[in-house]
Amino acid sequence: MPSYTLERLLTTGSNKIVAGVDEVGRGAWAGPVSVCAVVTDFSDPPEGLTDSKMLAPGRREAMVSVLESWVVGFGHGEASVEEIDTLGMTEALRRAARRALEALPVKPDVVILDGKHDYLGAPWAVRCEIKGDLNCVSVAAASVLAKVRRDLFMATLDDVYGFAENAGYPSPAHQAALAEHGPGEHHRLSWSYLDDLPKWRHLKRHRDPAVGEGQLSLGF
């Protein structure tokens with residue numbers, strides 16, 4: 001279960017407020033990349049809180065209202081499909097994370113990013129933590145809030161791609177629908193899945209490498 005070990009370690013000297021940050025949608029073929037930032041008061045977390053990927057969808061959704069009333073503050077940020085295609089995933093993540101942090105009611109002194117890549121950068125003081133969503137309370141809370149918010153948004157889209165089930169991520173049904181219908185308005189046209197769809201390959205966008213910061217690994 002996640003703990004406050006890292007958060008307490010980072011609240012030293014002038015560092016008083018720590019925000020946990022997690023993203024969802026990095027490896028999807030469609031939809032925005034979404035980021036949530038969470039600040040807690042180090043009180044006991046809701047029972048069962050853990051990495052969102054460890055929770056069943058119904059459990060995640062039920063936990064949202066509890067988390068929102070428990071945390072000191074939370075903020076959401078997104079980067080659109082257009083931003084992802086134009087700027088690359090690194091810059092899209094940076095923008096989404098900054099939007100999430102700027103939406104917080106308090107400004108954090110330190111930010112814990114889940115994973116090993118600092119896609120946020122200056123002026124934020126950043127600590128990257130592999131499996132932060134499993135080990136850190138604030139990051140675990142951010143992972144649940146980010147995942148549920150994005151999944152619910154993807155489920156509202158009127159589509160033939162099964163977004164309500166796959167949230168825009170790769171799946172056999174998603175790929176079959178793409179092969180038949182081609183990408184829709186919510187698909188990322190710079191993604192390599194188009195290389196495997198000869199009928200629609202001509203729609204692929206080739207981003208100017210001079211724009212943005214390049215694309216991160218699609219691991220998630």
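Using a Gaussian network model of the chain with C-alpha springs under 10 Å, which one of 181, 76, 202 is most mobile by mean-square fluctuation?
Most flexible of the set in this elastic network: 202.
Please report the antiparallel percentage of DSSP beta bridges with both residues in the chain, rounded to the nearest 5.
So the antiparallel bridges in the chain amount to around 60 percent.
Might you tell me the accessible area per residue for segment 4-152, computed with a 1.4 Å probe and given in Å²?
40 Å²
Keeping every protein chain in place, order 174, 206, 186 by accessible area at 1.4 Å, biggest value first, i.e. largest first.
Largest accessible area first, the residues go 206, 186, 174.
Please give every one of the aspartates and glutamates within straight-line cross-link reach of residue 53, meaning a C-alpha to C-alpha distance under 17 Å, and leave out same-chain neighbours fewer than 8 residues apart.
22, 23, 61, 114, 129, 133, 151, 165
Run the accessible area of the chain with a 1.4 Å probe and give the carbon-and-sulfur part as a rounded percent.
Answer for the chain is 52 percent, counting heavy atoms of protein chains only.
Below 8 Å, C-alpha to C-alpha, sequence gap of six or more: please give me the relative contact order for segment 4-152 in percent.
36 percent
Run the Debye formula on the Cα coordinates of segment 122-194, all scatterers equal and no solvent, and tell me log10 I(q)/I(0) at q = 0.13, 0.22 1/Å.
-0.56, -0.95
When the scattering of segment 163-207 is computed by the Debye formula from its Cα atoms alone, each counted once and equally, what is log10 I(q)/I(0) at q = 0.17 Å⁻¹?
-0.43
What Kirkwood hydrodynamic radius, in Å, does segment 4-55 give when the mean of 1/r is taken over all pairs of distinct Cα atoms and then inverted?
13.4 Å
What percent of all Cα-Cα pairs in the chain falls into each 5 Å bin, going from 0 up to the bin containing the maximum distance?
Result, from short to long distances: 1, 7, 15, 19, 18, 15, 11, 7, 4, 2, 1, 0 percent.
Under the rule of -39500 (n - 2.57) per DSSP H run of 4 or more residues, summed and divided by the residues of the chain, what mean residue ellipticity at 222 nm is obtained, to the nearest 500 deg cm²/dmol?
It lands at -10500 deg cm²/dmol.
Round to the nearest 10 and give me the degree value, 0 to 90, for the angle of helix 89-102's Cα axis relative to the longest principal axis of the chain.
Here the helix axis deviates by roughly 40 degrees.
Straight-line reach from residue 107: which lysines have Cα under 27 Å away, leaving out those fewer than 8 places along the same chain?
Answer for residue 107, where 27 Å is the Cα cut-off: 16, 116, 131, 147, listed by chain and number.
Between residue 207 and residue 175, with labels modelled 7 Å along Cα→Cβ, what's the label distance in nm to one decimal, could you check?
2.3 nm
Debye calculation, C-alpha points only, no solvent: report log10 I(q)/I(0) for segment 90-149 at q = 0.25 Å⁻¹, in the same order as the q values.
Listed by q, the Debye log ratios stand at -1.27.
Each residue of segment 159-172 in order: what ³J(HN,Hα) in whole Hz does its phi give by Karplus 6.51 cos²θ - 1.76 cosθ + 1.60, θ = phi - 60°, with x for Gly and Pro?
Residue by residue, segment 159-172 yields 8, 10, 9, x, 4, 5, 9, 9, 6, x, 7, x, 7, x Hz.
The values are calculated or read from the model by the stated rules, or taken from the named source; none is laboratory data. A quick note: this is a predicted structure, and the numbers were derived from the prediction, not measured. Heads up, the Cβs are rebuilt from the backbone with ideal geometry, glycines too, and the neighbour counts pull from every protein chain shown. Quick note on the areas: whole protein, heavy atoms, side chains included, nothing else; ligands and nucleic acids left out. Shrake-Rupley method; radii C 1.70, N 1.55, O 1.52, S 1.80 Å.
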